Amino acid sequence: MDTEYIRRTAIARGEETPLANPYHTVHFDGFHDQARDKERTVYLVPKGENLGDQLTQMDREKGLEIVHDRLDGSMDNKKMVVRFFCLGPLDSPFSIPVIQITDSFYVAHSEDLLYRRGYDYFRRLPDDKEIFRMLHSSGKLIHSVSTDWKKRGVMIDYIDNTVYSVNTQYAGNTIGLKKLALRLAIRKADHEGWLAEHMFLMAVHGPSNRRTYFAGAYPSGCGKTSTSMVRGNTIVGDDLTYLRILDGKIRAVNVERGIFGIIRSVTQKDDPVIWDVLHSNQPAIFSNVLITGDETPRWLEDGIEPPGSGTNFSGDWFPGKVDRNGEEIPYAHKNARYTIGLEGLSNLDDTLDDPCGVEVGGIIYGGRDKDTWVPVQQSLDWNHGVVTMGASLESESTAATLGPSGIRNFQPFSNLDFISIPLGKYIQNHLDFGKDNKQSPLIFSVNYFLKNDEGDFVSDKLDKTVWLKWMELRVHGEVDAIKTPTGYIPIFEDLRELFLFHLGKDYTREEYNIQFTIRVPELLEKIGRIERIHRETVSDTPQVLFDILDDQRFRLLEIQKKHGDCISPTVFV
Ligand code: OXD
Ligand code: MN
């Protein structure tokens, strides 16, 4: 079988190492190659075109020259792997065929776990079918690791539907079907009137086993995978979703069939489904974890006593080991990952391969936000959700991208890293998508990271169970809500019941008041930030964005006059 050949060759070439569990391998990326490199990910733009100040771009001809030069000879004496895949279910209105060429058997092996095989599908394709093309070279390797990382680059040639990735191995930079194809898909979606999104897709199970599908956009490392895995529900996908209007309804599919997930803080208690898969006979590739003397993977915050030694991305590791700058090297990287197929998950939804996808009941936006958004709220309507939730999403940076973590960044739709058309146009596409649709999904925002004045989180990791169940009931009009200047928030008694039923927790009015207090000064500052970014850097922002932000500012100022800066939810009842 191809897959077995690919896996064995990855091991034989030292790109992966077998572990004690015969179904597991580990892959290490270079010390400087542990996350997505945003700065060196560049759109190649033909003369006369400009994608706007938010996107990194360069002249197409110059870019092609650079990338061809870097590729020249970079695969000498290596084997070329050519793979055929399909994004989305096969033979469906969502399918996009993709050819991947790579010199990395690790990349090919990862794609086998993550994507739908498409060789036969390719053979059936009409000659004029649009195909995405991915060309990857890890470049020069020393100890199986890309060494020319200073000349690393991801170049997106959208004119030719081709993405080049050179001198890097980290999967977020190299797996063509993941974020590289997403950038091409966003352009295709723009031309064809659908949406390609950085979203999970899941069924939230409501009363009488009703399944209501939600798509959720959270920046990398902000709880997207863990939300899609919340107990008592079923998962369709954790990262990439295509949405199309079919027969007047917004329907969606998972682009992938596997998970390339952050492993940090996966524990047996909080993430039992993933934990079980990672301890079973399902094939898995671990990356940038620590491997102990008995060939077992360990990751940060795994709920077990930290290891005393092992091998990690820095070589032999021991407690107190420091890097060249004197910084302590953790035993595993914060952005260490696992790569698995979805088929082993006990909570997999049975619609995964449905060619027409699932009907979407709700869309959720969530970021790492310490001081503005309440834990959950519903937008006033579609446009209000697109503008004040999707287009206003901000989040603190995480280890999924290179650079410092914890900095508040503009992260519209959690898709900014991948948007490949001018941002204003992308926002307009979202506005248009829900426009004529009587049954458009409801739009919600969530925030798992809100803190109190002492800097402590005001909600618990497991509380997202309740926020999901509340949103599910809202989609069916089965709970009321309280209208505030920023959206509809839950009624205390409903949450109290849901907490008791789903978590056996005695939810208090005091918790509710703290969590759902409207923080007027912070919200006004946020409006100011979003408005400024658009005025200064997004020349094609639709006017309606400014109007909706102005209205929200007005509502907040009015209420501030009457009730002050911190407004308890009881004020609105
Ligand atoms: C990912 C990412 O790996 O968004 O999914 O970085
Ligand atoms: Mn992602």
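The values are calculated or read from the model by the stated rules, or taken from the named source; none is laboratory data. Just so it is clear, the structure is predicted and the values come from calculations on it, not from any experiment. Note: ideal-geometry Cβ built from the backbone for every residue, glycine included; neighbour counts use all protein chains shown.
Would you point out the residue of segment 64-112, among those that are of a type in the set (Phe, Trp, Tyr) and not in a loop (DSSP other than H, G, I, E, B), that is nearest to Ala181 (Cα to Cα)?
Phe85
Which ones in segment 173-185 are within 14 Å of ligand 1 (Cβ to nearest atom) and either touching a Cys at 6+ places or on another chain (Cβ under 6 Å) or within 15 Å of Ile419 (Cα to Cα) (or both)?
Hits for segment 173-185 are Lys178, Lys179, Leu180, Ala181, Leu182, Arg183.
Which one of Ser414, Ser420, Ser395, Ser459 is in contact (Cβ under 8 Å) with a residue 24 or more places away in the chain, more than 16 Å from ligand 1 (Cβ to nearest atom), surrounded by 18 or more Cβ atoms within 10 Å (Cβ to Cβ) and of a type in the set (Gly, Ala, Ser)?
Going through Ser414, Ser420, Ser395, Ser459 in turn, just one is in contact (Cβ under 8 Å) with a residue 24 or more places away in the chain, more than 16 Å from ligand 1 (Cβ to nearest atom), surrounded by 18 or more Cβ atoms within 10 Å (Cβ to Cβ) and of a type in the set (Gly, Ala, Ser): Ser459.
Within 16 Å of ligand 2 (Cβ to nearest atom), of a type in the set (Asp, Glu) and either at pLDDT 95 or above or touching a strand residue (DSSP E or B) at 6+ places or on another chain (Cβ under 8 Å) (or both): is that true of Glu256 in this structure?
yes
Read through the list (1) within 23 Å of Pro375 (Cα to Cα); (2) of a type in the set (Ser, Thr, Tyr); (3) within 13 Å of ligand 2 (Cβ to nearest atom), then give the number of the only condition that Thr234 fails.
The number of the failed condition is (3).
Kindly indicate which of Gly223, Gly153, Gly206 is within 16 Å of ligand 1 (Cβ to nearest atom) and more than 21 Å from Lys435 (Cβ to Cβ).
That would be Gly223, the only listed residue that is within 16 Å of ligand 1 (Cβ to nearest atom) and more than 21 Å from Lys435 (Cβ to Cβ).
Considering only residues of segment 1-52 that are of a type in the set (S, T, N, Q), under 26 Å from Tyr164 (Cβ atoms) and away from ligand 2 (no atom under 16 Å from the Cβ), which is surrounded by the most Cβ atoms within 10 Å (Cβ to Cβ)?
The residue in question is Thr9.
Considering only residues of segment 313-337 that are crowded, with 22+ Cβ neighbours inside 10 Å and of a type outside the set (A, V, I, L, M, F, W, C), which is farthest from Ser445 (Cα to Cα)?
Applying the filter and picking the extreme gives Tyr331.
Restricting to segment 398-411, and then to whatever is within 13 Å of ligand 1 (Cβ to nearest atom) and of a type in the set (Val, Ile, Thr), can you tell me which residue is farthest from Tyr426 (Cα to Cα)?
Thr398
Conditions: (1) touching a Ser or Thr at 6+ places or on another chain (Cβ under 9 Å); (2) more than 16 Å from ligand 2 (Cβ to nearest atom). His191 meets all but one. Number of the miss?
(1)
For segment 429-507, give me every one of the strands (runs of 3 or more DSSP E) that falls completely inside it and has 2 or more residues that are of a type outside the set (Lys, Arg), within 24 Å of the chain's Cα centre (by Cα) and closer than 19 Å to Ile518 by Cβ.
Fully inside segment 429-507 and qualifying: 442-446.
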